[in-house]
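Novice: First the structure, which I've put down as structure tokens, then a few questions once you've had a look.
The values are calculated or read from the model by the stated rules, or taken from the named source; none is laboratory data. These numbers come from a predicted model, not from an experiment. A quick note on method: Cβ atoms are made from the backbone with ideal geometry, for glycine too, and the neighbour counts reach across all protein chains shown.
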Amino acid sequence: MKSLFIIPLAAIAAIFTSVPVISQTPSQTLPLQSKVQPRKDIYQIAPPSWYIGFKDTTLEIILHAENIDLFNLSLQPYEGVEFLSVNKSANRHIAYLNLKISPKTKPGIITFLATSIDKNPNRYIKDFGFNYELKSRTANLFVPITPADVTYLIFPDRFCNGDKTNDNAMMQFNEPVDRAALKKRHGGDLAGIKSKIHYLKDLGVTTLWLNPVQENDQAEESFHGYAVTDHYKIDPRFGSNAEYISLNQEMKKHGLKMVMDIIPNHTGNNHWMYNNYDTGWFNYRDSFIQTNFRATTVMDPYASIQEKNLNFDGAFVKTMPDYNQKNTHIAKYLDQLYLWWIETAGLSGYRIDTYPYPDQNYMNHLCEMILSEYPKFTIYGETWVQTSAVQAAFTKNNIKGFEKNQLPGVTDFVLCWAMQETATKPFGWVEGLNKLYLTLIDDYLYQDPNKNCTFLDNHDLSRIFSVVNEDFNAWKRSQMMLLTLRGLPCIYYGTEILMTGTTKESDAYVRFDFPGGWTADEKNKFKPEDRNVKENEAFNFIKTLAKYRQTQKAIAEGKMTQFTGINGIYAYSRHLENDAVLCIYSQNKEKTDVNMNRFAEVTKGYTKLKNVLTGEISALETILSIEGESSNIYELIK
């Protein structure tokens, strides 16, 4: 148990938000009574502050303080705030403070008092109190993410070190920076990401998704971020809450948006909630029982109940204990946590880690609750599965029996596998380019497949340039598909400079440092002069397509017509009113003459083709000659 001195929470809020604390007047709050002092052994207050005006007007504050069961808790009068109840846990150190906050309540500081009920003269237990800030919600908080956007996934520890002073920040479990060790901290941070905003803008990126940046105070492998030990605190080795908010504010100035990676399924085993738990907070708290990793049991009509429960309730690994979302306190804690971060940081979206493994009733509630407050907020869940039917069943879908599901979209692994196959396997009736065709026909399962996050690789998968055996034409084919198909496309950091790595030995091999993110690096690949010819060609290829996607409504908003793969050629068009784009791919070794009459339903009324990658304009004729193993994108001109 670690002891933290708690200063008035108005000051904490100022640290969190980097804005002046709201001034207080006697009508808003009363000061702590003179005989009552702030207490040094208040360990945690969650959430650390709150916002007025949510549809659910109730707030449950979890107070973790030494022997809190020995105190009566009360609230000094504050207009619009009703103190409903106090519930204390069986472990003596946790109390739940339940409030009702009127939407008309004015922002300010409320004050709680704790009066000792222990009359034992041999013990000296002082009364104490603490302040808590209520804030106004922010109007026009965020800009929604749309299919016109291009997301860039950053593994924060491996992207850029902008502040060396936080490299070895003191933690309970210190893990000094060691760039030679694949599973140690390397020093990348928020300051480094902020310093590369202009680079990202130049690439055509409009949205950032960062792997988790909350505190991971773990004994080992804390660099990946998925074993959170304090949900309300940015890991000091990445920066601070104020720096995270500042990064978001700076991004907005440049038209960029932020997606936060969240993990409602589990936490780190050094989280204060795990070490000072209340009954029912965690599944299998006293023994390690591992999940069977069978997401398919969620929709399997023949699934064993035992196996289905094991999927939900088992832990991933010993260091990541599994939350019990069926527990009302945990459900409320998670609800409030995710609303708090949206308001505090002005987020535009959530990527939900390991979506099939928490309790699905709760996950549907979470999505529904967030979207009721923020209807245009983006949410996509990680569903690492192999078939479209399983993947779609987690979303708002068109599948009988799964109408209750509320997840808007998924991280589209099934489309990822298909795009990878088009770049690695020879053409066939169901292989190569036709694998993509057969995958896209399953889009009828989704209510809106445009809400799926599409990708070719990520922090858990082999890098796409390695997947295609460093075949540059195959790499181009996959990138063009990603940036012209439906969905919310996401590029993994370093893809634009052809970074390599596979997960054969360890996933750490796909998380190498971005060259130039550290001052000691021999080459700075953020600069074109330090990139080789092929790397600059790759950078410009993505840049051209990413920026074209943002301006071409036919791709961002249009419908799609696809044509089955025949004789090594596969094509699809994106079209909207008077705009149309035609993408043609070849897996043939030699140049192929394509009869354009096959595409007459989408080319009718157009007379010219503009090659988007080269700018060349040519007449739309009956025969179009396509180079071997090429990827071609044409804008149709009348």
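Novice: Of the residues 590, 535, which single one is surrounded by fewer than 19 Cβ atoms within 10 Å (Cβ to Cβ), at pLDDT 95 or above and in the same structural domain as residue 477 (by TED's automatic domain parsing)?
Specialist: Answer to the selection: 535.
Novice: Filter the range 138-182 down to the residues that are part of a loop (DSSP other than H, G, I, E, B) and acidic (Asp, Glu), then identify the one that is nearest to residue 217 (Cα to Cα).
Specialist: Among those residues, the one meeting the criterion is 175.
Residues are listed down the side, and each one gets a yes or a no for (1) of a type in the set (Gly, Ala, Ser); (2) in a loop (DSSP other than H, G, I, E, B); (3) out of contact with any Lys or Arg (no Cβ under 8 Å at 6 or more places or on another chain):
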position: 490; (1), (2), (3): no, no, yes
position: 499; (1), (2), (3): no, yes, no
position: 505; (1), (2), (3): no, yes, yes
position: 509; (1), (2), (3): no, no, yes
position: 513; (1), (2), (3): no, yes, no
position: 517; (1), (2), (3): yes, yes, no
position: 522; (1), (2), (3): no, yes, yes
position: 536; (1), (2), (3): no, no, yes
position: 539; (1), (2), (3): no, no, no
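Novice: Determine, yes or no, whether residue 482 is more than 30 Å from residue 604 (Cβ to Cβ) and crowded, with 21+ Cβ neighbours inside 10 Å.
Specialist: Details: more than 30 Å from residue 604 (Cβ to Cβ): no; crowded, with 21+ Cβ neighbours inside 10 Å: yes.
In short, no.
Novice: Could you please find all residues in the range 619-638 being out of contact with any Lys or Arg (no Cβ under 7 Å at 6 or more places or on another chain) and either more than 23 Å from residue 432 (Cβ to Cβ) or in contact (Cβ under 8 Å) with a residue 60 or more places away in the chain (or both)?
Specialist: 621, 622, 623, 630, 633, 636, 638
Novice: Also, I was wondering about something else. When the residues of the range 217-244 are narrowed to those that are within 18 Å of residue 155 (Cα to Cα) and of a type in the set (A, V, I, L, M, F, W, C), which ends up modelled with the lowest pLDDT?
Specialist: My answer is 223.
Novice: While we're looking at this one, here's another question. Take the range 517-539 and flag every residue that is among the aliphatic types (A, V, I, L, M) and within 15 Å of residue 200 (Cα to Cα).
Specialist: The one that is among the aliphatic types (A, V, I, L, M) and within 15 Å of residue 200 (Cα to Cα): 538.
Novice: Moving on. If I filter the range 124-137 for residues that are part of a loop (DSSP other than H, G, I, E, B), free of Cβ contacts under 8 Å to residues at least 12 places away in the same chain and not basic (Lys, Arg), do I get at least one hit?
Specialist: Filtering the range 124-137 for residues part of a loop (DSSP other than H, G, I, E, B) gives 124-127, 137.
Remaining after also requiring free of Cβ contacts under 8 Å to residues at least 12 places away in the same chain: 124.
Within this subset, residues satisfying the condition of being not basic (Lys, Arg) are 124.
Within the range 124-137, one or more residues are part of a loop (DSSP other than H, G, I, E, B), free of Cβ contacts under 8 Å to residues at least 12 places away in the same chain and not basic (Lys, Arg).
Novice: Residues of the range 422-454 being crowded, with 20+ Cβ neighbours inside 10 Å and either more than 18 Å from residue 390 (Cβ to Cβ) or modelled with pLDDT under 95 (or both), which ones?
Specialist: Selection gives 422, 423, 427, 432, 433, 434, 436.
Novice: Of the residues in the range 334-376, how many are in contact with a Gly (Cβ under 6 Å, 6 or more places away or on another chain) and either farther than 22 Å from residue 273 by Cβ or among the basic types (Lys, Arg) (or both)?
Specialist: Residues flagged as in contact with a Gly (Cβ under 6 Å, 6 or more places away or on another chain) and either farther than 22 Å from residue 273 by Cβ or among the basic types (Lys, Arg) (or both) within the range 334-376 amount to 0.
Novice: While we're here: If you check 216, 265, which single one turns out to be under 27 Å from residue 343 (Cβ atoms), buried (at least 22 other Cβ atoms within 10 Å of the Cβ), touching a residue at least 40 places away in the same chain (Cβ under 8 Å) and touching a His at 6+ places or on another chain (Cβ under 8 Å)?
Specialist: Working: 265 fails: touching a His at 6+ places or on another chain (Cβ under 8 Å).
216 is the lone residue from the list that is under 27 Å from residue 343 (Cβ atoms), buried (at least 22 other Cβ atoms within 10 Å of the Cβ), touching a residue at least 40 places away in the same chain (Cβ under 8 Å) and touching a His at 6+ places or on another chain (Cβ under 8 Å).
Novice: I would also like to ask the following. Looking only at the range 89-134, filter to residues that are modelled with pLDDT of 95 or more and of a type in the set (Lys, Arg); which one of those is farthest from residue 72 (Cα to Cα)?
Specialist: Here the answer is 104.
Novice: Quick one: in the range 589-618, which of the residues that are among the hydrophobic types (A, V, I, L, M, F, W, C) and either assigned to a loop (DSSP other than H, G, I, E, B) or free of Cβ contacts under 8 Å to residues at least 12 places away in the same chain (or both) is farthest from residue 475 (Cα to Cα)?
Specialist: Per the criteria, the residue is 600.
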